[in-house]
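Contents: one structure, followed by commentary.
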Amino acid sequence: MRFSTFLTAVASLAVGVNAYWLGDIQHQGLAPFAGNGYKVFRNVKDYGAKGDGVTDDTAAIAAAMNDGGNRCLQGCASTTTTPAVVYFPAGTYILSKSIMPPYFTQLIGDPTNRPVLKATSGFQGFGLVDGNPYFGEPLNWVSTNVFYRQMRNFVIDTTAIPPATAATGIHWPTSQATSLINIQFNMPTDASTVHVGLFCESGSGGFMSDLTFNGGATGASLGNQQYTMRNLVFNNCKTGIIQLWNWGWTYINLQFNNVGTGIDITATPNGQPQTLNVGSAIVMDSTFKNAQVAIKTRYTSSTSPDTAGSLILENVSLTNVPTAVQGQSGTLLAGGSTTIAAWGQGHQYVSGANRELNGGITPNSRPSSLTSSNGFYSRSKPQYQTLAASSFVSARSSGAKGDGTTDDTAALQKAINSATGGKVVFLDYGLYKVTGTITIPAGTKIVGEGYPIIMASGSFFGDINNPKPMLKVGTNSGDAGQVELSDFVVGNSGPAPGAVLIEWNLASDVSNPSGMWDVHARVGGFRGSNMQVAQCQKTPGSANVNTNCIGAGMLMHVTSKATGLYMENTWLWTADHDIEDSSNTQVTVYSGRGLYIESTVGNFWLVGTAVEHNHLYNYQFANTKNIFVSMFQTETPYYMPLPDATKVFPVISSLNDPNYATSCSGIAGNCAESWGLRIINSSAFYVYGAGFYSFFNNYSTTCSTVSAGENCQSRIVSLEKVSNINIYGLNTIGSLSMLDRDGVSVASWKDNVNVFPSNIILYRSG
Ligand SMILES: *[C@@H]1O[C@H](CO)[C@@H](O)[C@H](O)[C@H]1NC(C)=O
Ligand SMILES: *[C@@H]1O[C@H](CO)[C@@H](O)[C@H](O)[C@H]1NC(C)=O
Ligand SMILES: *[C@@H]1O[C@H](CO)[C@@H](O)[C@H](O)[C@H]1NC(C)=O
């Protein structure tokens, strides 16, 4: 033990075993379907882990994670019934084998003194933390169905493993509602090192932030459909990032120091050097210091598919980097010590015409209300590490049951109202049924344990023509103040066709915005929703609507005078399958609308958000401005066009609903299908990455292939009476038109074919 480590250990003994409130707080989370005595919270030390830097803690940590009989690991498809929060106090935990967190598990270290997970020299396994193991040939979980897990506040140390022995820090093929935050990877810096910090080969993500990679052959090896990654530091890695494949990716605030190559997006399938695996990447507000090459690409006007390997750089600073962008046959952009204002490769639609982009472009002119010292404003999830356990007000101690059946409306309101004077509401794990509106006034902070869910239920939410809020943030539109919400889910229990799960009224100062981090919606498809296989199994070929499967009117509504909201890692999901079902059988569940922002004031940040399977649209913006987006991601409901978007939900004109019955006149194909994105009467959008996907017709994917002509739906993005809309990296799948402006198609999928989607790397509406 080094002397400084010794002092730290003594200091932590002096203040008690747990320096962080999460360790000290009373643990009374209830998982009502997990059996009597099931523990949601587990401190690894209670299971015998020593964290002393000597003892092998592998078995004790596994015992903490697997406690409770029915945890979902080998052979289990997925579940929400057996949650776990596994807490690691400060210490050095020795691992000789991978630890494998079961489904619906959070691993949380003490952020005030991050625990170290340290591999033995003879370590065996694919990742110190293996987030989706290969027990056999395929991954244990279908990686696109791995939701609701997170890991934060750790140091991952592979330095004891010989440098030339293959080693991986974290293996993380996962999807929406997952995150890695505040993790440092320490690897050998020897020339012979083959270590990889983070390995992710597949999934549909996602979000990560605040990761540091020291040493190793590769900091992060990344393959996934789409991602936002923010605030990553790479020190002394041979290559910072190897992109294995993707459809779209946005990197924000990366720093590379003393690396060979920063980011390599040249991946090709074996033996096909002209065919690329990487769809596109966006790198913004990033610095490269002492690198040989910042970015390696292969894009040329003759690579295949047509737009694969597209790239945008914006505000990228170089210090002593000889080559900024290296192509297949030499330097494409020289380096030095300079700042690249903006540069790109791919297809651009800037003044109507489609033409090759290969070179410098004008960067976005960013409104000052959206920026701070680091570029566009950002803020990581608050962890409240300066507060003591006494600063938290427990929902269950306030009388809420969280058992999935009791009406907890009054008790939750009581918890919120009593958390005054800077106190934080602690939403103990549970399923909280509510039958009316809960008001969240300015000043409120709520943090969940695991991913508890608040569920709209009953007749108050029954009127499909008159949706009412379940959580109302700010009493009236334009109320001043700030709110912080993190780590919980909103959803439904039974039909709630008139529920708006979150209504956001608050007007927060742009210098101190409100925030939502890891706050998700889940409508149907889980135990407690009463919209599972038994009630809502899909019925392909039938347009009949089972009204018992209408789960929500709208997932989130930002009202006209609201402003100043930062959303990070938020997934608003109407279920396409039953998470509890052993085959993940598909269900038909209806929600009217996804995320609707109609703030005339503007100033919103959507960082790593996704909105899926909503009926009239996934994202809609009206009468607004100053919107920053890192990666829009949507999917059209799989049941469409049976029924199509003219059925099920009424057109509510006060909500600016799209009226497909009129707007589709004269449009060929499946026109009356949910917009991925609709922007009306708005301006000043700065979109860094987008994926709008329509994979299915009537539950069949044959429409979403190049050979079938990408004809699942006619149109997917609509801009109506807009100006100054700037989109980098627009990806669409299954839509004939990639983007429509005032009812006219701007771009066809055929002209912009990418690895699976079609891609336009630069669109500007003017
Ligand atoms: C450019 O990026 C750096 C971080 O690398 C940031 O500090 C700076 O504010 C950004 N510039 C603008 C104009 O946003
Ligand atoms: C929808 O799918 C079902 C089952 O695959 C099939 O029987 C039916 O003919 C399809 N209907 C339409 C209109 O495509
Ligand atoms: C367009 O949006 C502005 C606010 O940004 C609003 O004042 C105006 O009424 C809107 N126009 C229409 C036709 O809705």
Q.
For D110, what residues show an amide H to amide H distance below 5 Å, using hydrogens built from the backbone and excluding near sequence neighbours?
A. F88, A90
Q) Is the stretch 389-764 best put as rounded, prolate or oblate by its Cα gyration tensor, with a ≥ b ≥ c the root eigenvalues, rounded for a/c under 1.5, and otherwise prolate when a/b is larger than b/c, oblate when not? A) oblate
Q) For N417 and T300, what is the calculated FRET efficiency with R₀ set at 60 Å and r taken between the beta-carbons, to the nearest 0.05? A) 0.45
Q) Tell me, what is the percent relative contact order of the stretch 204-355, built from C-alpha pairs under 8 Å that lie six or more residues apart? A) 16 percent
Q) For the stretch 570-686, what class follows from the C-alpha gyration tensor (a ≥ b ≥ c being the square roots of its eigenvalues): rounded when a/c is under 1.5, otherwise prolate if a/b is larger than b/c, else oblate? A) oblate
Q. Amide H to amide H under 5 Å from R678: which residues, 5+ apart in sequence or cross-chain, H placed 1.01 Å off N in plane?
A. Y619, Q620, F621, S718
Q: Note the full-extension length gain between S317 and A59 as 0.36 nm times their separation in residues minus their Cα-Cα distance, in nm to one decimal.
A: 88.3 nm
**Q.** Length added when fully stretched, S700-N270, from 0.36 nm per residue minus Cα-Cα
**A.** 151.8 nm
Q) Which of the lysines could be linked to K39 by a straight reach, that is with a Cα gap under 24 Å, when you skip same-chain ones fewer than 8 residues away? A) K50, K401, K433
Q.
Please report the net charge: other residues with Cβ closer than 15 Å to the Cβ of A267, K and R +1, D and E -1.
A. 0
Q: Arrange the peptides 741-747, 582-588 so that the one whose residues have, on average, the most other Cβ atoms within 10 Å appears first.
A: 582-588, 741-747
Q) With each pseudo-label sitting 7 Å past Cα toward Cβ, what's the Q537-C76 distance in nm, one decimal? A) 2.4 nm
Q: Add +1 for every Lys or Arg and -1 for every Asp or Glu among the other residues with Cβ under 14 Å from the Cβ of H577, and state the total.
A: -3
(Q) Contact order normalised by length for the stretch 389-764, with contacts defined as Cα pairs under 8 Å and 6 or more residues apart; what percent is it? (A) 10 percent
Q: Keeping all protein chains in place, calculate the accessible area per residue for the chain (probe 1.4 angstrom), answer in Å².
A: 31 Å²
Q. Roughly what % antiparallel, to the nearest 5, for the DSSP beta bridges in the stretch 623-734?
A. 5 percent
(Q) Order 355-362, 224-231 from most to least packed using the mean count of other Cβ atoms within 10 Å. (A) 224-231, 355-362
**Q.** Ellipsoid semi-axes in whole angstrom, largest first, where each is sqrt(5λ) of the Cα gyration tensor of the stretch 647-766
**A.** 21, 20, 11
Q: Considering Cα pairs under 8 angstrom that are at least six residues apart, work out the relative contact order of the chain and quote it in whole percent.
A: 8 percent
Q.
As a test question: what accessible area, to the nearest 10 Å², does F207 have when a 1.4 Å probe is rolled over all protein chains in place?
A. 0 Å²
Q: Using a 1.4 Å probe and counting only protein heavy atoms, arrange V706, V129 so the residue with the most accessible area comes first.
A: V706, V129
Q: Keeping every protein chain in place, order T165, T420 by accessible area at 1.4 Å, biggest value first, i.e. largest first.
A: T420, T165
Q | Nonlocal amide H pairs with V558, under 5 Å, H built at 1.01 Å | A | W504, Y596, I597, E598
**Q.** With all protein chains modelled, accessible area of K445 [1.4 Å, Å²]
**A.** 50 Å²
Q. So what's the net charge close to M455: Lys and Arg +1, Asp and Glu -1, counting the other residues with Cβ under 12 Å from its Cβ?
A. 0
Q. For the stretch 204-355, what proportion of DSSP beta bridges, expressed in % and rounded to the nearest 5, is antiparallel?
A. 25 percent
Q: Give the accessible area for K50 in Å² (nearest 10); use a 1.4 Å probe, count only protein heavy atoms, and leave out ligands, DNA and RNA.
A: 110 Å²
Q: Output the peptides 389-399, 134-144 sorted from most to least packed, where packing is the average of other Cβ atoms within 10 Å over each peptide's residues.
A: 389-399, 134-144
Q) In the chain, which Cys residues have no partner Cys with a Cβ closer than 4.7 Å? A) C200, C237
Q: Assuming a ≥ b ≥ c are the square roots of the Cα gyration tensor eigenvalues, decide whether the stretch 204-355 counts as rounded (a/c under 1.5), prolate (otherwise, with a/b larger than b/c) or oblate.
A: rounded
Q | Rg/Rg_globular for the chain, with Rg_globular taken as 2.2 N^0.38 Å and Rg from C-alpha atoms | A | 0.90
**Q.** By accessible area with a 1.4 Å probe, ligands and nucleic acids excluded, highest first: order of D479, D428
**A.** D479, D428
Q. Roughly how many percent of the accessible protein surface of the stretch 389-764 is carbon and sulfur, given a 1.4 Å probe and a whole-percent answer?
A. 49 percent
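The values are calculated or read from the model by the stated rules, or taken from the named source; none is laboratory data. This one's a predicted model, so the numbers in the text were calculated from it and none came from an experiment. Here Cβ is always computed from backbone atoms with ideal geometry, including for glycine, and neighbour counts include all displayed protein chains. Quick note on the areas: whole protein, heavy atoms, side chains included, nothing else; ligands and nucleic acids left out. Shrake-Rupley method; radii C 1.70, N 1.55, O 1.52, S 1.80 Å.
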